[in-house]
Amino acid sequence: MSKQVILTGLRANNDLHIGNYFGALKPIIDMAHKHAGDYQVNLFIPDLHSFTTPIDHGLLKQQINHIARLYIAAGLPVDNPDVYLYRQSYISAHSELTWILDCFTGMGQLTRMTQFKDKSANVGADNITAGLFNYPVLMAADILLYNATYIPVGDDQTQHLEFTRDIAQRLNAKFDKELLTVPHEVKTQHELFGKDQGLRIKDLQDPSKKMSKSDETGKGVIFLNDDPEVARKKIMSATTDSLSKVSYDPKNQPGISNLIDILALLEDSTPQLVAERYAGQTMYGEFKKETADKVADFLATFQKQLALVDDNKVMNTLEKSEESMRIVANETLLRVQQAVGLR
Ligand code: TYM
């Protein structure tokens, strides 16, 4: 039997932040180290997804290479024969399968996607692109082309995973029950990653929102390329509360709990253990300072790793993986083309 595929991608529309890192990048890289040999690991750059909302196109090519370098700096073991690193737009089957899947997707279903509703709120209809509306279908194609069953993503993408399962089941029911590999239920996926739900790191200034690449001020977001000193200040000035206790209570103390989550992730510990350490403290200063120090250390180490990445190696890895993955993607595409009567 062929190996199960773990797959994820992070968009190249801006630099990555620690939510992206802990929500998707670190989990898949940890899997690549822990389960090498048992699973295939596909980490790709969804470059076609980068301009569902406006970007500076003059910077895109550079940004795509930068994301590939970030994956390697984060520890992706690209010399492992079960690990693939590729750019979506270099494998044309992504676009081709999307069109076919589009024709089996209801407008109503796409309209109900929370991310679409959030991103299109307060924007006139002419400023919302069909690409933004359609992007869950492209995401489903990204997953289904490679028969992936485990897809580490942050909590904001859970609905898109459910959608991917749904569309695969719909086509299988209509054409052939073995046409597409249905990814595992989201709960089963979390079990492999040792969690009970997807991660959602919050904005430091407004912990009712998720930390997001598109935050305009950047004050609520720790980017992987932030100067460690700047990041330290962002943590020190993070919004907290006046309850005067360091306890893990995301509902009543969202700001403090978010910082506890960040510190626990940096220490590879749990929020409960971090909170226990600070039990009884009535001031937030010491806790914030430890979090700020650990964030600054993490960024300094990461940025050192990034400076060591060899650009030739990145390019060779991309091209080699693209050659192999093009074959797999084209096999799935052909199966679907045959099922719908095109071949
Ligand atoms: P993107 O680029 O917006 O985000 C990349 C990953 O980071 C996670 N994430 C977070 N996790 C925790 N806390 C946060 N505040 C936070 N913000 C973002 C996202 O959940 C995601 O896992 N559509 C995807 C990219 C994509 C993809 C795919 C992923 C395209 N095709 C196929 C998996 C499989 C996206 O826009 O992610």
Go through the range 162-270 and tell me which helices (runs of 4 or more DSSP H), entirely inside it, have 1 or more residues that are within 14 Å of the ligand (Cβ to nearest atom). 186-192, 254-267
When only residues in the range 1-23 that are open to solvent by 10 Å² or more (accessible area, probe 1.4 Å) and in a helix (DSSP H, G or I) count, which is farthest from the ligand (Cβ to nearest atom)? TYR21
Name the residue that is surrounded by the fewest Cβ atoms within 10 Å (Cβ to Cβ), counting only residues in the range 258-269 that are closer than 13 Å to PRO207 by Cβ and touching a helix residue (DSSP H, G or I) at 6+ places or on another chain (Cβ under 7 Å). ASP261
Of all residues in the range 241-257 being surrounded by 13 or more Cβ atoms within 10 Å (Cβ to Cβ) and charged (D, E, K, R), which is nearest to GLY220 (Cα to Cα)? ASP241
Testing ALA125 on (1) within 16 Å of the ligand (Cβ to nearest atom); (2) modelled with pLDDT under 95, one condition comes back false. Which one is that? (1)
List, please: which pairs have Cβ atoms under 7 Å, are six or more places apart or on different chains, and start with a residue in the range 268-295 that is in contact (Cβ under 8 Å) with a residue 60 or more places away in the chain and end with one that is open to solvent by 80 Å² or more (accessible area, probe 1.4 Å)? ALA292/MET236
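The values are calculated or read from the model by the stated rules, or taken from the named source; none is laboratory data. Worth saying up front: this structure is predicted, and the values here are computed from it rather than measured. For neighbour counting, all protein chains shown are included, and Cβ atoms are generated from backbone atoms with ideal geometry for every residue, glycine included. These accessible areas exclude ligands, DNA and RNA; they are computed on the full protein's heavy atoms, side chains included. Shrake-Rupley method; radii C 1.70, N 1.55, O 1.52, S 1.80 Å.
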